[in-house]
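Visitor: Structure incoming, see below.
What follows draws every value from the coordinates through simple rules; no lab data is involved. It should be emphasised that the depicted structure is a prediction, and the values quoted were computed from it without experimental measurement. Using ideal geometry, Cβ is built from the backbone for each residue, glycine included, and neighbour counts are taken over all protein chains shown.
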Amino acid sequence: MAAGLLFLYGLPAMLPRNPEAWLAEVFCSVQGEGPLAGVRQVFVRFAGCHRRCRFCDTSAALLTRPKTWMLETATGRDRHETNPVAGERLVKILSALSGGPFHSIALTGGEPLLQAEFLQAALPRLRRVGWKIYLETAGDRWRELQQILPHLDYIAMDIKLPGVTGQPGSWQAHRKFLEVATASRASTFVKIVASHATVAAQLRRAARLVAAVAPLMPVILQPATPHAGVCAPTAPQLWRWQQLMLAAGLRDVRVLPQMHVAMKLR
Ligand code: SF4
């Protein structure tokens, strides 16, 4: 990162020399959500998340300090590796895959931004070998986003509806996150998971929040995949809610289910 950018983003001039990461797994699959659904990616799933969404289907990633992480090898056999993993090790694994049939590296979780210091050191090295970087995030840790923003090509941010997650809303943090993301060069979209328990007023509030900052931004209304007592919305509900979001000032609202679930990939 250029010294000017360090200054711009208010970061300390010194980064830790050998930061380590706590991972859940590294594997290859197709992107299942959003405008890039279907592209082939290498997924780096970080351990730990500050949220506890009712519909979470990656419970293994909620462990903050798992002893091991799973590496899917080229032969298709998974191998356990020890946590924490050194930046050198992960960069070496991922660099060996660059130039292959993959669109990008997807940073997922858990919440990757909880390990922003590690990413700040590792991402420039991955981009130097040609990787594009795609961040999947809960969309509320905007300070951590600022730390790695220059290294991101795509940002897939959530807006969490309290009626769906079963958790308090983070409206102000989502708004600030969106403002930071849209000021960058990264291609950004918003994802909102809707279940049968979606509260229309909360969906309208989310739509207005995005419309106030970036009305042309793609917003994905994603029906929840049934899991742990969470039920998917009906087709008429999705139809009504898409209309509600368009009426709130958005221009690009797409109803898209999780594609990797349909393909029975992870
Ligand atoms: S933010 Fe994502 S990883 Fe974290 S609890 Fe919610 S669904 Fe799970």
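Visitor: How do 39, 26 rank when sorted from fewest to most other Cβ atoms within 10 Å of their own Cβ?
Guide: 39, 26
Visitor: Using only Cα atoms, tell me the angle between helix 200-213 and the longest principal axis of the chain; keep it within 0 to 90° and round to the nearest 10.
Guide: 60
Visitor: Dividing the alpha-carbon Rg of the stretch 83-188 by 2.2 N^0.38 Å yields what?
Guide: After normalising by residue count via 2.2 N^0.38 Å, the value is 1.12.
Visitor: If the stretch 160-266 were replaced by its equivalent ellipsoid, with semi-axes equal to the square roots of 5 times the Cα gyration tensor eigenvalues, what would those be, largest first, whole Å?
Guide: 22, 16, 14
Visitor: At each listed q (0.14, 0.18, 0.25, 0.32 Å⁻¹), what is the log10 of I(q)/I(0) that the Debye formula gives for the stretch 39-88 modelled as equal alpha-carbon point scatterers?
Guide: Rounded to two decimals, the profile gives -0.45, -0.72, -1.11, -1.26.
Visitor: Which of the lysines could a cross-linker span from residue 92 if the Cα-Cα distance has to be under 17 Å and same-chain partners fewer than 8 positions apart are dropped?
Guide: Partners within reach: 132.
Visitor: On alpha carbon coordinates alone, what is the Rg over Rh value for the chain, Rh being the Kirkwood radius?
Guide: 0.96
Visitor: Check which residues have an amide H placed less than 5 Å from residue 43's amide H, if you skip close sequence neighbours.
Guide: 27, 28, 29, 106
Visitor: Under a 5 Å amide H to amide H cut-off, with H placed in plane at 1.01 Å, what residues pair with residue 191 once short-range neighbours are removed?
Guide: 157, 158, 159, 220
Visitor: Now a separate question. On average, how much area does the Cα convex hull of the stretch 29-162 cover when viewed from any direction, in nm²?
Guide: Seen from a random direction, the Cα hull of the stretch 29-162 projects 8.2 nm² on average.
Visitor: Would you work out the charge dipole size for the chain about its Cα centre, treating the Cβ of every Lys and Arg as +1 and the Cβ of every Asp and Glu as -1, and quote it to the nearest 20 debye?
Guide: 220
Visitor: Okay, next question. Output the relative contact order of the chain, whole-number percent, from Cα pairs under 8 angstrom with separation of 6+ residues.
Guide: For the chain, the relative contact order is 17 percent.
Visitor: If you line up the long axis of helix 116-128 against the longest principal axis of the chain, both from Cα atoms, how many degrees apart are they, to the nearest 10?
Guide: 70
Visitor: Okay, next question. Would you mind telling me the antiparallel percentage of the DSSP bridges in the stretch 33-174, rounded to 5?
Guide: So the antiparallel bridges in the stretch 33-174 amount to around 30 percent.
Visitor: Read phi for every residue in the stretch 94-105 and hand back ³J(HN,Hα) as whole Hz from Karplus 6.51 cos²θ - 1.76 cosθ + 1.60, θ = phi - 60°, with x for Gly and Pro.
Guide: Each residue's phi maps through the Karplus curve to give 6, 4, 5, 9, 5, x, x, x, 9, 6, 5, 9 Hz.
Visitor: Run through the DSSP bridge list for the chain and note the antiparallel percent, rounded to the nearest 5.
Guide: Among the beta bridges of the chain, antiparallel pairing accounts for roughly 35 percent.
Visitor: Going through the stretch 106-188, which trypsin sites (Lys or Arg not before Pro) have at most 13 other Cβ atoms within 10 Å and a DSSP loop state?
Guide: When the trypsin sites (Lys or Arg not before Pro) of the stretch 106-188 are filtered for loop state and at most 13 Cβ neighbours within 10 Å, 185 remain.
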